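Participant: Dumping the structure here so I can ask a few things about it.
The values are calculated or read from the model by the stated rules, or taken from the named source; none is laboratory data. Source: prediction; values computed, not measured. Virtual Cβ from ideal backbone geometry, glycine too; neighbours counted across all protein chains shown. Note: areas computed on protein heavy atoms with side chains; ligands, DNA, RNA excluded. Shrake-Rupley method; radii C 1.70, N 1.55, O 1.52, S 1.80 Å.
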Amino acid sequence: MLQQTEELNKVNPATAELSLVPDYDYSAEDFCTPDPYEKLYELRGSPFIYEMAKVKMEANAKAVGFKSFKGMLQKFNKAQLDAKRRNMIPNQTEFDGQEIELNCGTWESMDWGIYRDTPNGGRECACAHPIMPVERLVNIDTGEVKVRLAYKRSGRDKKWQTTIVGKDTISTSRNITALASQGISVTSTSASVLVDYLNDMENFNYDVIPERQSIGRLGYIPGEGFSPFVEGLIFDGDTTFRNLYGFIKESGSHTKWFETALECRKMSVTARILLAASFASPILSLVGSLPFFVHLWGVDSGTGKTVALMLAASVWGNPALGSYVQTFNATQVGQEKTAAFLNHLPYCMDELQLTKDSRGKPNFDVYQLAQGVGRTRGKRNGGVELTPTWSCCFLTTGESPLTNASSGAGAVNRVIDIECTANSRVIKDGQRISSILKRNYGFAGRIFVDKLYASEKTQEIVREMYQDNYKELLQGDSTEKQAMAAAAIITADQMATAWIFKDDMELTVKDIQEFLASREAVSAGRRAYNHLCDWVASNVNHFNTDETPATGEVYGVLEGDVAYIIRGVFDRMLQDAGYSTSATLSYLRANKLIETRSGKGYTKTKRIGRTTPQCVWLRLEPPDESSEEVSLPL
């Protein structure tokens, strides 16, 4: 039995370590000198030996009647740590393959973990693997400071990885545990120690850790250039947009893309318009134009709508669906954040039909994106987030128009709807063209913005060109907002033709004018009035006339060119059609399309059978066309 115990002692590390713990024979007077505490402090490298030695020494102190051993030991250890901190003797990180060498102060930073001594003589672990701040990032837009952390987990490859985190993440125990999802060893127990370590590392090495500028979006940065084409600029934005940021790049052959783009420009005016709209996006903020949509739609398959969208996207980056080109299958918040991220680059979305509601109707709010400002949202910890803004074009496709008869005037104003049919394809041989574009992209956009922001003189010339085109467009039947969008497209095409294509396919006012909505088509009040007249004509049997009484439900009375519509019926019909009742009535009264009591209110009484309900007296024949129509905001 004794032999077996001896054999076990040979292979048991704990027993072997225990044999190294000396027996102590100090007197009470000895415990009032530094000697016993120094001997114990020298053993701190092995927590097990240290603890066993402390137990033996404490028993020795108790045997000789010295009752202050624990307090004296704690004060001695604290004095040693304070001396280390005061002396700040350089203690460098010793991680294998580390990006930079940092002073870690009182921390012991090695490949098998990061530790520090505690005042009571113990040891605590900040992290079980190497981790260190290697770069400080200052956001150009917000001034927010973030830190790039490098870390390395054990494994066969033992490769260093990096992650960018906000200072608020690594400054509190509650937030730092979020790093566990990235493979960093941190728990609620070790969180506070890791917070201390990372903050000590940054404070000890503030001038050593490099500081760089960062950005969380694309587009022009005053005084810096156009993101992502600024050398040395780091992306520190939302991780969900990191891939999208990476898709804005050059790939393949510039010559091949150029030849393909020239070929597509010759195929149709629509292809030239969509391509020009892609170039127009970065000039909107320069010329003061509002965001707008160019929407290609058509029920026929194979018209080249999606390929034309890919052509427009290839100006800036990877045009593959799911890369730079997104779909309509996103939430309102997601679309706002994506628009703010793209900022000055076009937002490309395919397949409007993905937004259809339960009744099969597309459900997309043009206003949400066309206004250029997102919703202000509160922060969890108080205050409000930075309100997202953008100034870009939206290039979209679908099987139906982006707006309908009941859309507000503002929505119709911001959309250039272009129908695509099988007889007038936008892009021919779409499979071949799309294959080329997926391999060759991203060259023209950089050339364009480099020239656009080369000098203030260039930008002033662009503004003058835009104003000339805008004034010419206003001479037609289009509204101001439609003219603004068209002027931006034409101006961008003129610039792209001069700087990139150098061909004779420059867009003209005449080319684009046929796709612009007229003032009458834009007016929601006029569209509502036309709908009312159509509704009366298709429901004549529900109105009493001089010749015949109404059949079924009675809607009102028809006399000559006036329809007397019961107010409740009138309201219900407009609401079902998606029009605003109050806005429509205001428009009708302002344009003398209804009769009222001395110009006040919206209704008058009318005898229908034995009752005299309030009715809307609607004129079915508009007033003299020479009279000026009054447009109201709807």
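Participant: Return yes when residue 186 is of a type in the set (A, V, I, L, M, F, W, C), open to solvent by 40 Å² or more (accessible area, probe 1.4 Å) and in a loop (DSSP other than H, G, I, E, B) and no when it is not.
Facilitator: Numbers: of a type in the set (A, V, I, L, M, F, W, C): yes; open to solvent by 40 Å² or more (accessible area, probe 1.4 Å): no; in a loop (DSSP other than H, G, I, E, B): yes.
For residue 186, the condition - of a type in the set (A, V, I, L, M, F, W, C), open to solvent by 40 Å² or more (accessible area, probe 1.4 Å) and in a loop (DSSP other than H, G, I, E, B) - is not met.
Participant: Out of the stretch 42-82, which residues are in a helix (DSSP H, G or I), in contact with a strand residue (DSSP E or B) (Cβ under 9 Å, 6 or more places away or on another chain) and surrounded by 14 or more Cβ atoms within 10 Å (Cβ to Cβ)? Spell out the reasoning first.
Facilitator: First, pick out the residues of the stretch 42-82 that are in a helix (DSSP H, G or I): 47-63, 69-82.
Adding the requirement that they be in contact with a strand residue (DSSP E or B) (Cβ under 9 Å, 6 or more places away or on another chain) leaves 47, 50, 77, 80-81.
Hits for the stretch 42-82 are 50, 77, 80, 81.
Participant: Return a yes/no flag: does the stretch 604-615 have any residue that is open to solvent by 20 Å² or more (accessible area, probe 1.4 Å) and in contact with a helix residue (DSSP H, G or I) (Cβ under 9 Å, 6 or more places away or on another chain).
Facilitator: Within the stretch 604-615 (the criterion being open to solvent by 20 Å² or more (accessible area, probe 1.4 Å) and in contact with a helix residue (DSSP H, G or I) (Cβ under 9 Å, 6 or more places away or on another chain)), the answer is yes, since at least one residue qualifies.
Participant: May I pose another question? Restricting to the stretch 413-435, name every residue that is assigned to a helix (DSSP H, G or I), crowded, with 16+ Cβ neighbours inside 10 Å and not hydroxyl-bearing (Ser, Thr, Tyr). Full working, then the answer.
Facilitator: Looking only at the stretch 413-435, we keep the residues that are assigned to a helix (DSSP H, G or I), and these are 413, 430-435.
Then drop every residue that is not crowded, with 16+ Cβ neighbours inside 10 Å, which leaves 413, 430, 433-434.
Selection gives 413, 430, 433.
Participant: So, in the stretch 366-385, of the ones that are of a type in the set (A, V, I, L, M, F, W, C) and open to solvent by 10 Å² or more (accessible area, probe 1.4 Å), which residue ends up modelled with the highest pLDDT? Lay out the reasoning, then the answer.
Facilitator: Looking only at the stretch 366-385, we keep the residues that are of a type in the set (A, V, I, L, M, F, W, C), and these are 366, 369-370, 373, 384.
The next check asks that each one be open to solvent by 10 Å² or more (accessible area, probe 1.4 Å); those that pass are 373, 384.
Working: 373: 89, 384: 64.
Ranking the qualifying residues of the stretch 366-385, first place goes to 373.
Participant: Restricting the stretch 261-286 to residues that are farther than 12 Å from residue 394 by Cα and of a type in the set (Ser, Thr, Tyr), which is farthest from the chain's Cα centre (by Cα)?
Facilitator: Taking the candidates together, the pick is 268.
Participant: Any residue that is modelled with pLDDT under 95 and within 23 Å of residue 372 (Cα to Cα) - is there at least one of those in the stretch 417-429?
Facilitator: Yes, because at least one residue in the stretch 417-429 is modelled with pLDDT under 95 and within 23 Å of residue 372 (Cα to Cα).
Participant: Could you check, for the stretch 196-205, whether at least one of its residues is aromatic (Phe, Trp, Tyr), open to solvent by 20 Å² or more (accessible area, probe 1.4 Å) and within 30 Å of residue 224 (Cβ to Cβ)? Break it down stepwise before answering.
Facilitator: Kept after step one, since they are aromatic (Phe, Trp, Tyr), are these residues of the stretch 196-205: 197, 204.
Then keep just the ones that are open to solvent by 20 Å² or more (accessible area, probe 1.4 Å); that gives 204.
So of that shortlist, the ones also within 30 Å of residue 224 (Cβ to Cβ) come out as none.
Within the stretch 196-205, none of the residues are aromatic (Phe, Trp, Tyr), open to solvent by 20 Å² or more (accessible area, probe 1.4 Å) and within 30 Å of residue 224 (Cβ to Cβ).
Participant: Scan the stretch 188-207 and report the pairs whose first residue is touching a residue at least 12 places away in the same chain (Cβ under 8 Å) and whose second residue is of a type in the set (D, E, K, R) and open to solvent by 10 Å² or more (accessible area, probe 1.4 Å), with Cβ atoms within less than 7 Å and a gap of 6+ or a chain change.
Facilitator: From the stretch 188-207, the pairs are 193/124.
Participant: Something else now. Testing residue 180 on (1) closer than 23 Å to residue 110 by Cα; (2) modelled with pLDDT of 90 or more; (3) assigned to a loop (DSSP other than H, G, I, E, B); (4) open to solvent by less than 60 Å² (accessible area, probe 1.4 Å), one condition comes back false. Which one is that?
Facilitator: Exception for residue 180: condition (3).
Participant: Oh, and also: Mind telling me which of the residues 84, 67, 75, 158 ends up being of a type outside the set (A, V, I, L, M, F, W, C), within 30 Å of residue 33 (Cα to Cα) and modelled with pLDDT under 80? I'd like the intermediate steps shown before the answer.
Facilitator: Numbers: 67 fails: modelled with pLDDT under 80; 75 fails: modelled with pLDDT under 80; 158 fails: within 30 Å of residue 33 (Cα to Cα).
None of the others qualify; the one that does is 84.
Participant: Which one of 214, 281, 227 is buried (at least 19 other Cβ atoms within 10 Å of the Cβ), under 22 Å from residue 511 (Cβ atoms) and not aliphatic (A, V, I, L, M)?
Facilitator: Answer to the check: 281.
Participant: What is the residue count in the stretch 388-412 for residues that are modelled with pLDDT of 85 or more and either open to solvent by 20 Å² or more (accessible area, probe 1.4 Å) or more than 26 Å from residue 583 (Cα to Cα) (or both)? Write out each step before concluding.
Facilitator: Step one: filter the stretch 388-412 for residues modelled with pLDDT of 85 or more, giving 388-402.
The next check asks that each one be either open to solvent by 20 Å² or more (accessible area, probe 1.4 Å) or more than 26 Å from residue 583 (Cα to Cα) (or both); those that pass are 388-401.
Qualifying residue count, the stretch 388-412: 14.
Participant: Being loosely packed, with under 15 Cβ neighbours inside 10 Å, closer than 24 Å to residue 230 by Cα and without any contact (Cβ under 8 Å) to a residue 12 or more places away in the chain, is that true of even one residue in the stretch 436-454?
Facilitator: yes
Participant: Mind listing just one residue for me: the one in the stretch 331-354 that is over 8 Å from the mean Cα position of the chain (by Cα) and open to solvent by 50 Å² or more (accessible area, probe 1.4 Å) and, of those, farthest from residue 376 (Cα to Cα)? Even if it seems obvious, please write down each step before you answer.
Facilitator: Step one: of the stretch 331-354, the residues over 8 Å from the mean Cα position of the chain (by Cα) are 331-333, 343-354.
Then keep just the ones that are open to solvent by 50 Å² or more (accessible area, probe 1.4 Å); that gives 331-333, 351, 354.
Numbers: 331: 16, 332: 13, 333: 11, 351: 28, 354: 27 Å.
If we take residues in the stretch 331-354 being over 8 Å from the mean Cα position of the chain (by Cα) and open to solvent by 50 Å² or more (accessible area, probe 1.4 Å), then 351 is farthest from residue 376 (Cα to Cα).
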